[in-house]
Amino acid sequence: MSEESIISLKNVNKWFGDFHVLQDVNLEVKKKERIVVCGPSGSGKSTMIRCINRLEEHQEGSIVVDGIELTGNLKNIDNVRKEVGMVFQQFNLFPHLSVKENITLAPIWVKKMPKAEAEELAMRQLEIVKIPEQANKYPGQLSGGQQQRVAIARSLAMNPNIMLFDEPTSALDPEMIKEVLDVMVDLANGGMTMIVVTHEMGFAKTVADRMVFMDEGKIVEEASPDKFFNNPESDRTKLFLSQILHQ
Amino acid sequence: MNEMNEVRKPPVATTGIIGWFRINLFFNWTNSLITLFVIYCLYQFIPWILDWTIFSADFKYNYLGEQITNQEMCSRNLDPENGGACWAVIYVRFYQFIYGFYPKVEVWRVNIAYAMLALALLPLLYAKLPYRKYFLYFTYIFPVIAYFLLNGGLGFTEVSTNKWGGLLVTLVLGCTGIALAFPIGIMLALGRRSKLPVISMMCTLFIEFIRGVPLITLLFFGMVMLPLFLPEGIDMDGLVRVLVAVTLFQSAYMAEVIRGGLQAIPPGQYEAAKSLGMSYWRMNLLIILPQAIRISIPPIVNTSIGLFKDTTLVIIVGILDLLGIGRGTLADTNWLGLSYEIYFFVSLVFFIFTFGMSRYSLYLEKKLKTGINMGAD
């Protein structure tokens, strides 16, 4: 493991029943690095990033996040989750709470922040994702793009060092994808360590430091975007790219 | 141009009162026939029931102007052609119906407890009540106050629970059962879904056992078996034993109702809460349970109404609730044969409470759903 690695996966294996979903996955992510993970559905890319904040448990190998190894130790898991923010495909906002409450909930209850301070923080985060005027609405009253931006603001309010994005634009209508990607680009330019699972190749070309291509539970290819898109090594990658870029 | 911009109104015959009648009552021949038939039935029934319950009924005096003290003096027994209901039985036995055999000198304590119950319910009924927070504190400590007030202690004379009866017992059993079963039910529901096999198995066993046994059996169990489990020398009050049985019964049902609500929460809600670093308890208290309980309001109120009515079963172990007092009155030779009046009155009291609960549930559903698109992504 190199000095600067903030996330380190070593020989990670995981099974769902008999299905071998992650097979000897090795990945090193440096501080402030932006990784885009792509691959066909069922290739294990979501499972891999969900292992990083222990929403899924790996069965073999080791995962170290910011110097903390993920084991059965609950305290370690809590500490890792404080370091790592996550944005989901289905947004997963809390429908019974207003936008502002969605964002202040974790700072108030997990970080014990005073309410007034948390609300100020929430408004600042909403400015960053460009929807401060929606603070008092409920998630059900927002469009998909707005909901996803609230979800990003909610994660950022915990001040994470690492952000994981699990297909953040896959559930959105085409005209809303850009507003979410814009926020993510701003975040990347601000120096956040990011792992993004996405099929938005335009986004990948703009912000990624490194592309990771997965298929059938294995990392097939890791390369810079330039090399990945113009001169991929594996035939599987070429096939995938020809299909996805053809659309 | 002006004419084209004019708003076109719907045809007169489909709006307003006439439109409503046409659409809902006289839409076609069958519809009209049914409407006329129902009107005829109501025409026959309503005057008769009003006459029986109010216009021809005796309240305190019979048609000769004498104060009624037994069933022979009821108008309908003196002159079967003329008389209606004989409510005098309720009037004479009103004290028993409301307080049981609570000593008359101490009855002010029960009245205060009733008034305090109303006050305790107030902040739950009106969310916009000023100073609601302080009223809620009162709601939380009310059970303790009520205990000392009704039972005695802290300077109050002791009133043994075998002197309690009527509405007092019905309310004590219903309110305590519902109020205690709710938190216990939540814990059981969470426990049954727990990943820890021992906890999950224990909760499942408890729920399945209690739910598989009739309430009457549990009441007998509480009366006869519970004392055997207690250390010697500790005598458990009869009403408390029944209360334990009722609470256990209700919490098993409540647990299953809440488990249903929990199952409707998408896994993404758990994942989002976990990814924000929330512990198991915070996640459940702040994210999962508020949503699960909201979904379960109709079945929660349904089982609560069920329990409120099931408290009448305590008659079987010799505790006289509202219905028990009614049956006791019927057994009195002075009031033989007045079963219509007594059962009508008991039904009416139960209906007032259960209908109130039902309306409250509708109000809650409406209030909590505003602006929330539940089940959205």
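The values are calculated or read from the model by the stated rules, or taken from the named source; none is laboratory data. All of these numbers come straight from a predicted model, not from anything done at the bench. Note: ideal-geometry Cβ built from the backbone for every residue, glycine included; neighbour counts use all protein chains shown. Keep in mind that these areas ignore ligands, DNA and RNA; they rest on the heavy atoms of the full protein, side chains included. Shrake-Rupley method; radii C 1.70, N 1.55, O 1.52, S 1.80 Å.
Per the conditions (1) touching a helix residue (DSSP H, G or I) at 6+ places or on another chain (Cβ under 6 Å); (2) of a type in the set (A, V, I, L, M); (3) touching a residue at least 24 places away in the same chain (Cβ under 8 Å), the sole criterion not satisfied by A:Ile52 is (1). Applying the criterion of being in a loop (DSSP other than H, G, I, E, B) and at pLDDT 80 or above to the residues of the stretch B:75-95, the residue that is farthest from the chain's Cα centre (by Cα) is B:Gly84.
Of the residues that sit in the stretch B:156-173 and are in a loop (DSSP other than H, G, I, E, B) and hydroxyl-bearing (Ser, Thr, Tyr), which one is surrounded by the most Cβ atoms within 10 Å (Cβ to Cβ)? Spell out the reasoning first.
To start, the set of residues in the stretch B:156-173 that are in a loop (DSSP other than H, G, I, E, B) comprises B:157-160, B:165.
From what's left, hydroxyl-bearing (Ser, Thr, Tyr): B:157, B:160.
Working: B:Thr157: 10, B:Ser160: 12.
This residue is B:Ser160.
Suppose the filter is touching an Asp or Glu at 6+ places or on another chain (Cβ under 8 Å) and either on the phi > 0 side of the Ramachandran plot or in contact (Cβ under 8 Å) with a residue 24 or more places away in the chain (or both); does B:Thr176 pass it? Please lay out each step first, then the result.
Values: touching an Asp or Glu at 6+ places or on another chain (Cβ under 8 Å): no; either on the phi > 0 side of the Ramachandran plot or in contact (Cβ under 8 Å) with a residue 24 or more places away in the chain (or both): yes.
Spelling it out, it is not the case that B:Thr176 is touching an Asp or Glu at 6+ places or on another chain (Cβ under 8 Å) and either on the phi > 0 side of the Ramachandran plot or in contact (Cβ under 8 Å) with a residue 24 or more places away in the chain (or both).
Hey, among the residues in the stretch A:106-116 that are in contact (Cβ under 8 Å) with a residue 12 or more places away in the chain and facing another protein chain (nearest Cβ under 7 Å), which one's most open to solvent (accessible area, probe 1.4 Å)? Filtering first and then ranking leaves A:Val110.
For every residue, the table says whether it meets (1) free of Cβ contacts under 8 Å to residues at least 40 places away in the same chain; (2) under 22 Å from B:Gly165 (Cα atoms); (3) not acidic (Asp, Glu).
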{"residue": "B:Asn82", "(1), (2), (3)": "yes, no, yes"}
{"residue": "B:Arg93", "(1), (2), (3)": "no, yes, yes"}
{"residue": "B:Gly100", "(1), (2), (3)": "no, yes, yes"}
{"residue": "B:Pro123", "(1), (2), (3)": "yes, no, yes"}
{"residue": "B:Ala127", "(1), (2), (3)": "no, no, yes"}
{"residue": "B:Tyr137", "(1), (2), (3)": "yes, no, yes"}
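The residue pairs whose first member lies in the stretch B:272-300 and is over 21 Å from A:Leu74 (Cβ atoms) and within 7 Å of chain A (Cβ to nearest Cβ), whose second member is outside any helix (DSSP H, G or I) and at pLDDT below 95, and whose beta carbons are closer than 6 Å, counting only pairs six or more residues apart or on different chains, are B:Pro290/A:His96; B:Gln291/A:His96; B:Gln291/B:Ile265.
Could you check A:Leu70 against (1) out of contact with any strand residue (DSSP E or B) (no Cβ under 7 Å at 6 or more places or on another chain); (2) in contact (Cβ under 8 Å) with a residue 12 or more places away in the chain; (3) under 21 Å from A:Asn159 (Cβ atoms) and say which number it fails? Condition (1) is where A:Leu70 drops out.
For the stretch B:185-270, the helices (runs of 4 or more DSSP H) that sit wholly inside it and include 3 or more residues that are within 30 Å of A:Phe94 (Cβ to Cβ) and among the β-branched types (Val, Ile, Thr) are B:197-211.
Grab the strands (runs of 3 or more DSSP E) fully contained in the stretch A:1-108, keeping just those with 1 or more residues being more than 30 Å from A:Glu133 (Cβ to Cβ).
On the way: elements: A:5-16, A:19-30, A:34-38, A:60-65, A:84-87.
Qualifying strands (runs of 3 or more DSSP E): A:5-16, A:19-30, A:34-38, A:60-65.
Only one of B:Leu188, B:Leu196 is of a type in the set (A, V, I, L, M) and closer than 27 Å to B:Ile297 by Cβ; which?
On the way: B:Leu196 fails: closer than 27 Å to B:Ile297 by Cβ.
Only one candidate qualifies: B:Leu188.
Among the residues of the stretch B:143-175, those identified as modelled with pLDDT of 90 or more and of a type in the set (Val, Ile, Thr) are B:Val169, B:Thr170, B:Val172.
For residues that are closer than 20 Å to A:Ile195 by Cβ and more than 7 Å from chain B (Cβ to nearest Cβ), scanning just the stretch A:86-105, find the one that is most open to solvent (accessible area, probe 1.4 Å).
Taking the stretch A:86-105 and keeping what is closer than 20 Å to A:Ile195 by Cβ, we get A:86-92.
If we keep only those that are more than 7 Å from chain B (Cβ to nearest Cβ) too, we end up with A:87, A:89.
Working: A:Val87: 1, A:Gln89: 65 Å².
Going through the qualifying residues, I end up with A:Gln89.
Residues in the stretch A:151-198 that are more than 14 Å from chain B (Cβ to nearest Cβ), outside any helix (DSSP H, G or I) and under 26 Å from A:Gly44 (Cα atoms): A:Met192, A:Thr193, A:Met194, A:Val196, A:Val197, A:Thr198. Going by the conditions given, is A:Arg81 more than 9 Å from every other protein chain (Cβ to nearest Cβ), crowded, with 21+ Cβ neighbours inside 10 Å, among the charged types (D, E, K, R) and within 22 Å of the chain's Cα centre (by Cα)? In short, no. When the stretch B:309-327 is limited to residues that are farther than 16 Å from B:Tyr343 by Cβ and open to solvent by 10 Å² or more (accessible area, probe 1.4 Å), the one that is nearest to the other protein chains (Cβ to nearest Cβ) turns out to be B:Asp310. Residues in the stretch B:238-271 that are within 14 Å of chain A (Cβ to nearest Cβ) and touching a Phe, Trp or Tyr at 6+ places or on another chain (Cβ under 9 Å): 3 in all.
Between A:Leu70, A:Leu22, which is of a type in the set (A, V, I, L, M, F, W, C), at pLDDT 90 or above and open to solvent by less than 30 Å² (accessible area, probe 1.4 Å)? Walk me through how you get there before you give the answer.
On the way: A:Leu70 fails: at pLDDT 90 or above.
A:Leu22 is the lone residue from the list that is of a type in the set (A, V, I, L, M, F, W, C), at pLDDT 90 or above and open to solvent by less than 30 Å² (accessible area, probe 1.4 Å).
Criterion applied to A:Lys137, A:Lys130 was being away from chain B (no Cβ under 13 Å), surrounded by fewer than 19 Cβ atoms within 10 Å (Cβ to Cβ) and in contact (Cβ under 8 Å) with a residue 24 or more places away in the chain, and the one residue passing it is A:Lys130.
Filtering the stretch B:139-155 to residues that are surrounded by 14 or more Cβ atoms within 10 Å (Cβ to Cβ) and in contact with a helix residue (DSSP H, G or I) (Cβ under 6 Å, 6 or more places away or on another chain) leaves B:Thr139, B:Phe142, B:Ala146, B:Leu149, B:Leu150.
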